[in-house]
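Shown next, in structure tokens, is the structure this report addresses.
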Amino acid sequence: MRVAIIGAGYVGLVSGACFADFGHVVSCVDKDPDKIAALRQGKMPIFEPGLSDLVAKNVRAGRLSFSGDLREAVREADAVFIAVGTPSRRGDGFADLSFVHQAAREIAAVLDGYTVIVMKSTVPVGTGDEVERIIRETAPRVQFAVVSNPEFLREGAAISDFKRPDRIVIGVDDPRATTVMTELYRPLYLNQAPILYTSRRTAELTKYAANAFLATKITFINEIADLCEKVGADVQEVARGIGLDGRIGAKFLHAGPGFGGSCLPKDTQALVKTGQDHDVSLRVLEAVVAVNDRRKRSLARKVSAVFGGALRGKTVAVLGLTFKPNTDDMREAPSIPLITALQDAGATVRAYDPAGMVQAKTVLSNVAFCETAYACAEDADALVIATEWEQFRALDLERLKQVMACPVVIDLRNIYRPEEMAQHGFIYDSVGRVPFGRPWSGTADDRCRPQADVSNNVALAKL
């Protein structure tokens, strides 16, 4: 089959490469000429494991191409996927659908023969109806169907998620469109991937409900982690204890600095706004959004607590900047409010990330970006692990201690064992576990002692 994908961003590029790998002929269209030129040269605009090789393989095979003009791609296509961005709208948090509507108008202007228009972008309930209205107004005589086919891709594992999905949700009311969608996903039948056919509005809401539930699980275990620290329990053992219950499941029960990225923050806010627009108070989800925002802003307290609340003049090394490993995505990353709060409290910040520093430099200022984890830790008074990259899971602890000015590690991802860190002589704190290590006695280097004057920490107190 011939497929056109409008939008060569994260979702569009991954989807296009995977459909091409299934054997379909795919054209990815984007208005950014620099992006198209780079893709034609084999340069990926995003970091995603395996994507560069997959794109190159299918370009060589003649199944995948890139264009800045949708006319030819749409006219030849059996299915046209809309995969443009839907960022949160300023002011009310609702999804900005301007790119979706513009894509619909441009598609309608060049449609020729029966075509299935597939909404891949994450959009509020009823967007498919509006897209259908726009196309009918623009091209009243054209035969087409609008389908909802939300994506459930995890950054860092997107290719695997596309090719081995938990489920495929297709919101469709037209029998001809059902046939087209079934044929598109036929290569996955061998994997026995369940395909759920629903109404269009049900499919649209399913995407938002899924992300909202995942955000709720993360926020729940983070609050349990706070309680664990007060009562002397271990959140990792609690999470395992409840995760073994088949009704709950172990995924997304990892305590940490809060959720970020391009999906969960945006989609939870959009679902809350949808509820408000329909006079439905989604109070649980409203609390999730508020708690997560508060958590990300208050992360610096864990660092300041080690030094008695005084961070002025301290150097803090931050390992990991992206919102999760195996991506370069800095959108809503917890590291951003963490670093901002540390700087507001008077600390000097150094940082290292295996893939995200190019993007980080566009959103962070007055940060010294380093080339390795050990260079970042050199002469630091404290080290914060903010993202659980594999490169940080087996650091040489003796070397780390030697290069640091003070052996202080704040592990926001719980990737080390407290007893192990204590054995190596670190003052160590994590999330939802009892801290290990002696309090500062005043016999350490001056840079390690807490300062008597904590007036600089007014900013932290307000978090």
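General remarks:
- Between segment 308-334 and segment 125-199, the alpha-carbon center distance in angstrom: 38
- Angle between the chain longest axis and helix 98-110 axis [Cα atoms, degrees, rounded to 10]: 20
- Eligible aspartates and glutamates near LYS230 by straight Cα distance, threshold 16 Å, same-chain separation 8 or greater: ASP429
- Rounded, prolate or oblate (a/c below 1.5 giving rounded, otherwise prolate when a/b exceeds b/c) for the chain by Cα gyration tensor: prolate
- Net +/- balance of residues flanking VAL59 in space, Cβ distance below 13 Å, scoring K and R +1, D and E -1: +3
- Neighbourhood charge, 13 Å Cβ-Cβ cut-off, centred on ARG176 and excluding it, Lys, Arg +1 and Asp, Glu -1: -4
- Averaged per residue, the chain has 45 square angstrom of accessible surface, using a 1.4 angstrom probe with ligands and nucleic acids left out.
- Stokes-Einstein diffusion coefficient of segment 96-185, Kirkwood radius over Cα pairs, 25 °C, 0.890 mPa s, in µm²/s: 174
- For the chain, the longest principal axis of the Cα atoms and the long axis of helix 200-231 meet at an angle of about 10 degrees.
- In the chain, excluding the sites themselves, the longest stretch lacking any of the trypsin sites (Lys or Arg not before Pro) that are in a DSSP loop with at most 10 other Cβ atoms within 10 Å is 252-461.
- For VAL349, the residues whose amide H sits under 5 Å from its own are VAL316, ALA368, ignoring neighbours fewer than 5 places away on the same chain, with H placed 1.01 Å from N.
- Per-atom-type breakdown for the chain gives carbon and sulfur 50% of the accessible area (1.4 Å probe, protein chains only).
- Ellipticity at 222 nm from helices only: DSSP H runs of n ≥ 4 in the chain, each -39500 (n - 2.57), divided by the residue count, give -12000 deg cm²/dmol.
- Of the residues ILE46, ILE134, the one with the largest accessible area comes first in the ranking ILE46, ILE134, computed with a 1.4 Å probe on protein heavy atoms.
- Using the Cβ-Cβ distance between ARG154 and ASP379 with R0 = 51 Å, the FRET efficiency computed as 1/(1 + (r/R0)^6) comes to roughly 0.90.
- Checked against a 32 Å cut-off, the cross-linked pairs LYS251/LYS296; LYS57/LYS273; LYS31/LYS207 give Cα-Cα distances beyond that limit for LYS57/LYS273.
The values are calculated or read from the model by the stated rules, or taken from the named source; none is laboratory data. Quick caveat: nothing in here was measured; it's all calculated off a predicted structure. All Cβ positions, even for glycine, are placed from backbone atoms using ideal geometry, and neighbour counts span all protein chains on display. Ligands, DNA and RNA are excluded from the accessible area calculation, which covers all protein heavy atoms including side chains. Shrake-Rupley method; radii C 1.70, N 1.55, O 1.52, S 1.80 Å.
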